[in-house]
Amino acid sequence: EKVDCEQAMAIFSIILSLIISCSYLDIVYSQCDLTCENVDDDIADIVSQMDDLGYSVMSGQFELYDPETSPVYIPFARDDTDYLVSIFEDDNGHYRFGGQDAIIFRGCTPPTVKYFGYRSYSAARIITQDNFTVPIDVTILESSLGDTTNQLVINTESNDETTFPAPFDRKTNIVTTGDEQTWTDVMNAYINAGLLTENSINIDVISNGYLSKFGIGWFKYSESELDVPRDTLSIVMRIQFDEDSECNKDQYLNQSFPFRVFYKDETRPRQPIIGVNDLRDTKKKSQCRKATDDRLKYYFDKATSNVIEHVRKEYGYKLVSNKPLDDRSGKCSWLGPWGPPNNDENVHIFKHGFYCMLYQKDCMFDNRDTYYSWPGEDHTLGEDDFYMIVGLNHNNFTLSTQNSISLATVQNPDNANAFELIETVTNEDYQQYNLGDIIKCKPKSKSKSRSKSKGKKGGNDDSRDRRRRLKGSSGGGKFRHHKKPNRDKYQHCKEFEDVFAVQIARPENCAFDSTVVPSVCLDTDTLPADQPFIFFGEATLNPETFTMPDGDKDCMIHWRLLRFSTKGCTRRPSPPPTPKPTWPYSNNAGSIGSAAV
């Protein structure tokens, strides 16, 4: 009887656990269910009213970006981000756009995500064409036309049925136009249809300047495909889902995303929307002061010095250069027989859309919600190279909601694709590590403190860094070490607070175990020795300004790229670092110029 009782209890426990598991799954699934649907009948009323106002209508849809099949190619496309790209008639990824035209997307926002952005672009400028309107001379622009509509600013309808917080899983309306009268016509159509009882409409404005009424502006409108020069327009949605979420993103992505194009075949707008001067301000003074105060600068410089000293002492690596990552101009080494876009060796995504439109450059589908940075040149990964990125996690200073460092090939030798990401390390990856656990700081000596207190007014330098600076031993030009703040009371290793480091090298040269430092240890199959690549930093969406972080030196402390040489080193890391799960990027797409034709 005792055995039977024990068996019964065991069976009961199994049944109970199954019931609990099923109940839990039911709760999870119910919490993940989307209640908003992209397709409804309300848009038909808008179409009817716009038709009465003399607009013709054309349908299009957004499709999930695939670098192998999509009619546009997006450089620097991230593996942790999904892109929805506009597809017009005849499966074109771009469309010629008139001065009084509008594109309306009435659809749903995704479930809770890390980032959502919607933006129109000037894809390319058709300079000349043949008698069959086939482009002959084309300038690739891929330039944003203004601010991005993101999850912090988007207007949506309310939804009492959803379990997701606003603005997610809710109906929204986004109108792309550069004409004030067209915008008014759309607004009136929505009001007459009873769809504006709430402020659920957004304008994706083509910020074209005061002179666009006279045919002069950033974007070249066109009446028809016979007009040259003319710009073509594309729209891109960026959606970065939370990989740790139990909700399946496919429920949102595997639905149709229709939009409507309303056009009048007019070159000039009746009243251009003056949006150039209305771009969101990237700089908030109080925020900048906090993120770049002298105390923080000192501690970051100190942390960088400690990293350099640790690598020298522990592994015998020699410092070659110490450079900042910022939005400077620079060139890359492009591979033959393919040339760079527009035969321009410079990289311009760091300047954003209006710069590229003004100077006829390729901005590679830039996002005005993201500050891009790099050291201004490409690199190779030789057998004696060891790199470290040292930086501050900008999220900790409310400068961004996401930031990361990536490696991107300049050009794929197999298909000429530009800037395919090899690997990315995000703030979620490197914020798990504490540099203070592996790099110890020396407590300051009382005697040295007294001697140093006689230094320059307003603070004093660390003597070791001062000697190194005078000797020029940094190898990469001058490294300006900020003065220590007055009345400094820092604790042991305080300089490593909010600081991260990432190592990049061949597996045999990776100095730190990957369990203590984020590691990108690449063999020659992944990155050949002669393959040029760049370090590519991203900081996205300042939560206080609702746009990109400001990259000026008085608003952001720039990350550092440290390059070491292992040549002649007798103390190699032993054993090699344990491989850590990587962040693979495998993009095989058509030519970067595919968006132009």
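Holding the Cα-Cα limit at 21 Å, pick out from LYS220/LYS264; LYS297/LYS440; LYS114/LYS290; LYS283/LYS361 the pairs that are longer than that.
Flagged as over cut-off: LYS114/LYS290; LYS283/LYS361.
Write down the radius of gyration of region 220-376 and its Dmax, each obtained from C-alpha positions, in Å.
Rg then Dmax for region 220-376, in Å: 23.0, 70.
Before I look further, what does region 250-351 give for accessible area per residue, probe 1.4 Å, in whole square angstrom?
With the other protein chains kept in place, region 250-351 gives 47 Å² per residue.
Could you pull out the GluC sites (Glu not before Pro) across region 344-439 that fall in loop regions by DSSP (anything but H, G, I, E, B) with no more than 15 other Cβ atoms inside 10 Å?
Those that pass, being in a loop and sparsely packed, are GLU345, GLU383.
Suppose the chain between ASP42 and GLU266 were pulled fully straight at 0.36 nm per residue; how much longer would it get relative to their current alpha carbon spacing?
The span from ASP42 to GLU266 would gain 77.9 nm if fully extended.
For region 76-119, what are Rg and Dmax over the alpha carbons, in angstrom?
13.6, 37
In sequence order, what are the phi-derived ³J(HN,Hα) couplings for region 224-232 according to the Karplus relation 6.51 cos²θ - 1.76 cosθ + 1.60 with θ = phi - 60°, rounded to whole Hz, with x for glycine and proline?
Per-residue couplings from phi come out as 7, 6, 7, 7, 9, x, 9, 9, 10 Hz.
Compactness ratio of region 528-570: Cα Rg over 2.2 N^0.38 Å, N = residue count?
1.82
Can you give the percent of C-alpha pairs in region 17-164 whose distance is more than 20 Å?
65
Which of the peptides 191-203, 308-320 is most tightly packed, and how do the rest follow, judged by the mean count of other Cβ atoms within 10 Å per residue?
Highest to lowest by the protection proxy: 308-320, 191-203.
Using θ = phi - 60° and the Karplus relation 6.51 cos²θ - 1.76 cosθ + 1.60, list the HN-Hα couplings for region 255-269 in order, rounded to whole Hz, with x at every Gly or Pro.
So the J values, rounded to whole Hz, are 10, 7, 10, x, 9, 10, 10, 10, 9, 10, 6, 10, 6, 10, x.
With viscosity set to 1.306 mPa s at 10 °C, what whole-number translational diffusion coefficient in µm²/s follows for region 296-431 from Stokes-Einstein and a Kirkwood radius over Cα pairs?
D = 92 µm²/s.
Measuring with a 1.4 Å probe in the full set of protein chains, what accessible area per residue, in whole Å², belongs to region 127-169?
I get 46 Å² per residue for this part.
With labels modelled as points extended 7 Å from the Cα through the Cβ direction, what inter-label distance (nm, one decimal) is found for ASP278 paired with ASN346?
3.1
Which ³J(HN,Hα) values, rounded to whole Hz and listed in residue order, are derived for region 150-156 from phi using the Karplus coefficients 6.51, -1.76 and 1.60 in 6.51 cos²θ - 1.76 cosθ + 1.60 with θ = phi - 60°, glycine and proline given as x?
Those phi angles translate into 10, 5, 8, 10, 5, 9, 9 Hz.
For GLU383 and ASN248, compute 0.36 nm times the residue count separating them, minus their Cα-Cα distance, and round to one decimal in nm.
44.4 nm
Note the per residue figure in Å³ for the convex hull of the C-alpha positions in region 96-178.
123
How large is the dipole of region 54-196 about the Cα centre if only Lys and Arg carry +1 and Asp and Glu carry -1, each at its Cβ, rounded to the nearest 20 debye?
Approximately 340 debye in magnitude.
Roughly what would the spin-label model give for THR515 and GLN181, points 7 Å off Cα along C-beta, in nm?
Result: 7.1 nm between the two label points.
The values are calculated or read from the model by the stated rules, or taken from the named source; none is laboratory data. What you see is a predicted model, and the numbers here were worked out from it, not measured in a lab. Neighbour counts run over all protein chains shown; Cβ positions are idealised from the backbone, glycine included. Remember, those area values only see protein heavy atoms, side chains included, never the ligands or the DNA or RNA. Shrake-Rupley method; radii C 1.70, N 1.55, O 1.52, S 1.80 Å.
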